[in-house]
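Report on one structure; see the data block that follows.
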Amino acid sequence: MGLVAQLTIETGIMTGQNTAVAKSEAPAFEGNRPHRWGILAVLGAVAFMAQLDFFIVNVALEGIGKSFPGSSEGSLSWVLDAYAIIFAAVLVLAGRVADLWGRKKVLLIGVAVFTAASALAAFSPDLGVLVGARALQAVGGAMIVPTSLGLLYPNFPKSQHTLVVGIWAGVAAVAGSAGPPVGGLLVTVDWRLIFLINLPIGIAAIIAGWRLIPEVKDPEGKRLPDGVSIVSVLAAVALLVLATVQGPGWGWGDWRVIALFLVAAMATGITIQRTLRGNAPVIEKQLFESREFTRATITLLLYFAGFAIFLLGSALFMQQVWHFTPLQAGVGLAPAPITSVTFAVLAGPIQRRFGRTAPALVGTLSMVVAAILWLVLVRDNANYWGAMFPSLVIMGISGGLSQAPMFAAAGSLPPNRATTGSAVLNMSRQVGTAIGVAVLVAVTAAAPTVSGFDVAWWIQLGTGLAAAATLVVLQGAKKKEA
């Protein structure tokens, strides 16, 4: 379980506009853009590619270890940990730079960096080069994910925002669950294929993106954020995720883990201070004048802590208790993303009928229902269709209903801060995922039994209730939702 504790960190995603963020706004390209669906295809493809690499590498660790004899479990785990830590840490800075210098520019550079790093990873001569390539991939991924979401808003009319964000969120859900089976198939040939597969996607996306996507940026100039704010955000997120990654292996009472949490807390305090009083912080306080954005940021952290327990917990349970193969477990998870995509595509009509809050509330409470079903139905004897399948379908409904309106909260910000907002939302998701994985590993590390996983399902139930409560308590002042 030690290696699992390290690698599973990756099993690893409105009302009213606030004009106080900037005096002038980037132009909003709403209306009938002739190539907007082609733009969506490009943005969805690159986001899928970046998020797939959270999960696809998990099944390759054994093969990588055989290629580099003498590698310890701890050193192999950095193939995964380097991506998780750097991706989460760089997200907000990448989003802020994209809003200032141009989202198209940052997106295409990110795709180029990610593609080049994938080639380097595929042809790595030793483990050190592979870990470095993964770190470089994470930088590219952090440039891709929030920017791809931020570019959706100006290229579609406001009436279609929930629809396209729903599709984007559905792509993320599919990337998560497709990782294990796709990786399992490729690894049977050669683990290097899991990186080579990114090359044609990346090259095609750069060509299509250059031709189709219009540039969007802050017309006020290219002023970078405050340096202290940059360092404090990077340190706060990186050290927090590092502590959660290493906690299960080092022990939660180990002085190194405690020190990491303490320094992360101090960096968080500095980040908050610069946000409230700094002249040009990375995370501007005006972002949170939108109550819808604030509640989405908090809700995403809580929701994805539970979602990570579901996604990783289901896969581990099927393998460790029911003795499924990794490929069987990966395929077994398929009902969740399939259902999620179905509901995500219907996000637009659902919003027009019920608003944004109601679907998100039903989605978070569906995670509670799924946890209850696991607690009642799932036992030692393998019973996939009678016990696991219903919960997976309900979790698919949960993801499809809740993620689209929560990520759509970035659309409540001025157009010249949409990517920064998207980055904050994605950072919240990543931190929540790290916490959920750490909790799952902590409660199941001693023995992978039904009772251990039952504790995890109870925690998932609690995070679902907390997320639902946040949506209700921080309900926006306006009754009519955008």
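If residue 279 satisfies all but one of (1) assigned to a loop (DSSP other than H, G, I, E, B); (2) touching a Ser or Thr at 6+ places or on another chain (Cβ under 9 Å); (3) surrounded by fewer than 20 Cβ atoms within 10 Å (Cβ to Cβ); (4) of a type outside the set (A, V, I, L, M), what's the number of the condition it fails?
Against the list (1) assigned to a loop (DSSP other than H, G, I, E, B); (2) touching a Ser or Thr at 6+ places or on another chain (Cβ under 9 Å); (3) surrounded by fewer than 20 Cβ atoms within 10 Å (Cβ to Cβ); (4) of a type outside the set (A, V, I, L, M), residue 279 comes up short only on (2).
With respect to residue 271, determine if the residue is within 24 Å of the chain's Cα centre (by Cα) and farther than 30 Å from residue 442 by Cα.
For residue 271, the condition - within 24 Å of the chain's Cα centre (by Cα) and farther than 30 Å from residue 442 by Cα - is not met.
Among the acidic types (Asp, Glu) and closer than 14 Å to residue 134 by Cα - does that describe any residue in the stretch 79-101?
yes
What pairs come up if the first residue lies in the stretch 321-335 and is within 15 Å of residue 179 (Cβ to Cβ), the second is part of a loop (DSSP other than H, G, I, E, B), and their beta carbons are under 8 Å apart, counting only those six or more places apart or on different chains?
That search, which allows pairs on different chains as well, returns 332/324.
What's the number of the only condition in (1) at pLDDT below 90; (2) among the aliphatic types (A, V, I, L, M); (3) assigned to a helix (DSSP H, G or I); (4) surrounded by fewer than 24 Cβ atoms within 10 Å (Cβ to Cβ) that residue 447 fails to meet?
For residue 447, the exception is condition (3).
Looking only at the stretch 323-343, filter to residues that are touching a Gly at 6+ places or on another chain (Cβ under 9 Å) and in a loop (DSSP other than H, G, I, E, B); which one of those is nearest to residue 450 (Cα to Cα)?
324
Restricted to the stretch 328-356, and to residues that are within 21 Å of the chain's Cα centre (by Cα) and of a type outside the set (A, V, I, L, M, F, W, C), which residue is surrounded by the fewest Cβ atoms within 10 Å (Cβ to Cβ)?
Per the criteria, the residue is 342.
Out of the residues in the stretch 382-419 that are closer than 19 Å to residue 104 by Cα and touching a Leu at 6+ places or on another chain (Cβ under 7 Å), which is surrounded by the fewest Cβ atoms within 10 Å (Cβ to Cβ)?
Checking each candidate, the answer is 417.
Restricting the first residue to the stretch 254-275 and requiring it to be over 11 Å from residue 229 (Cβ atoms), which pairs with a second residue that is among the small types (Gly, Ala, Ser) and part of a helix (DSSP H, G or I) meet a Cβ separation below 6 Å and a spacing of at least six or different chains?
Listed pairs, sorted by first residue: 257/243; 257/247; 260/243; 261/243; 264/236; 268/236.
Name every residue in the stretch 126-184 that is surrounded by fewer than 24 Cβ atoms within 10 Å (Cβ to Cβ), β-branched (Val, Ile, Thr) and more than 15 Å from the chain's Cα centre (by Cα), in order of residue number.
129, 131, 182 - these are the residues of the stretch 126-184 that are surrounded by fewer than 24 Cβ atoms within 10 Å (Cβ to Cβ), β-branched (Val, Ile, Thr) and more than 15 Å from the chain's Cα centre (by Cα).
A quick yes/no check of all residues on (1) buried (at least 24 other Cβ atoms within 10 Å of the Cβ); (2) within 20 Å of residue 428 (Cβ to Cβ); (3) in contact with a Gly (Cβ under 8 Å, 6 or more places away or on another chain):
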| position | (1), (2), (3) |
| --- | --- |
| 78 | no, no, no |
| 84 | yes, yes, yes |
| 88 | yes, yes, no |
| 114 | yes, no, yes |
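Return only the number of the condition from (1) modelled with pLDDT of 85 or more; (2) more than 19 Å from residue 42 (Cβ to Cβ) that residue 149 does not satisfy.
With respect to (1) modelled with pLDDT of 85 or more; (2) more than 19 Å from residue 42 (Cβ to Cβ), residue 149 is out only on (2).
Which condition number does residue 392 fail, the rest of (1) assigned to a helix (DSSP H, G or I); (2) more than 25 Å from the chain's Cα centre (by Cα); (3) of a type outside the set (Asp, Glu) being met?
(2)
Whether any residue in the stretch 235-243 is surrounded by fewer than 15 Cβ atoms within 10 Å (Cβ to Cβ), of a type in the set (Gly, Ala, Ser) and within 23 Å of the chain's Cα centre (by Cα) is what I want to check.
No - not one qualifying residue is present in the stretch 235-243.
Would you kindly identify the helices (runs of 4 or more DSSP H) lying entirely within the stretch 112-208 that contain at least 1 residues that are among the aromatic types (Phe, Trp, Tyr) and under 28 Å from residue 327 (Cα atoms)?
161-187, 193-196
Check residue 480 against each of (1) modelled with pLDDT under 90; (2) under 29 Å from residue 374 (Cβ atoms); (3) of a type in the set (D, E, K, R) and name the one condition it does not meet.
(2)
The values are calculated or read from the model by the stated rules, or taken from the named source; none is laboratory data. A quick note: this is a predicted structure, and the numbers were derived from the prediction, not measured. We place every Cβ from the backbone using ideal geometry, glycine too, and count neighbours over all the protein chains shown.
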